[in-house]
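FYI, it's all coordinate maths here, none of it is from the lab. Fair warning: this is a prediction, and the values are worked out from it, not measured in the lab. Please note: Cβ atoms are built from the backbone with ideal geometry, for glycine as well, and neighbour counts cover all protein chains shown.
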Amino acid sequence: MSPILEAAGLRKVYRGGDGAPIEVLSGVDLAVEQGEFVAIVGASGSGKSTLLHLLGALDTPTAGTMRLDGVAYGEQDSETLAAIRNRRIGFVFQFHHLLREFNALENVMMPLLIAGRPGPAARTRAEALLAAVGLASRMSHRPAQLSGGEQQRVAVARALAVEPGVVLADEPSGNLDSGNSERLHQLFARLSSDFHTALVVVTHNRLLAGRADRVLSLEEGRLVQLSGVESMP
């Protein structure tokens, strides 16, 4: 069975202020199976967010290839890549980026409506997802009326709205207290089993990484398999 998400030989080079090249990624290889939970850890500034952006087709590599469902990003035009991002990839960031003028239900419905799902079907799907993340009674609340943990759970429901093949999360519990972090970690651990969604999470949190099927460390521009959270940098 082929991996749902693959990266081979990914390199990313930026130009410094003096024009000198700065290599952030120097040959990253990664294969993620359907329903697998992978945690990526590493020191601040090691390139973890850069890698996540490449995996999500939000940026282009200097070299290397990326595939989702066997489709190579580099062979697609910008319109097709946008469709891949909208329909096959869910994103959860440290800052949830909810639309503040809309309530929780409308926020989760938004990607479905953009994808062309009829209003009633979008509403039914959004209601089911919010109930699944424990927010059945908070659907009509706007972001300002929700706690930080609730807002992040809305963001997770929104990421799952279009039934993506993979969810990419960047420090999703970075701004939450311990109680809300634990609830979010439990939710992430359920994604692969309940939704059969592949999950790649960049995190410094050992408790979240400890729930993953695999923990990889980004070191000197490459991914290294770790034996467990006790060996996290």
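Here is the size of region 111-170 from its Cα atoms: Rg then Dmax, 11.6, 31 Å. On a per residue basis, the convex hull of the C-alpha atoms belonging to region 96-233 measures out at 119 Å³.
The residues Arg153, Arg211, Arg206, when put in order of fewest to most other Cβ atoms within 10 Å, stand as Arg206, Arg211, Arg153. Percent of C-alpha pairs per 5 Å bin in region 149-213, short distances first: 4, 17, 34, 28, 14, 3. Semi-axes of the equivalent ellipsoid of region 1-133 are 31, 18, 15 Å, computed as sqrt(5λ) over the eigenvalues of the C-alpha gyration tensor in descending order.
As a length-normalised measure over Cα pairs under 8 Å and 6 or more apart, the relative contact order of region 1-131 settles at 22 percent. Between the amide H of Thr62 and those of Arg11, Lys12, Val13, distances stay under 5 Å, these residues lying 5 or more places away or on another chain, with hydrogens modeled in the peptide plane. Evaluated on the chain, the Kirkwood hydrodynamic radius is 18.2 Å, with distances taken between all distinct Cα atoms. Close amide H pairs (under 5 Å, H built 1.01 Å from N) link Phe91 with Leu168, residues at least 5 positions away or on another chain.
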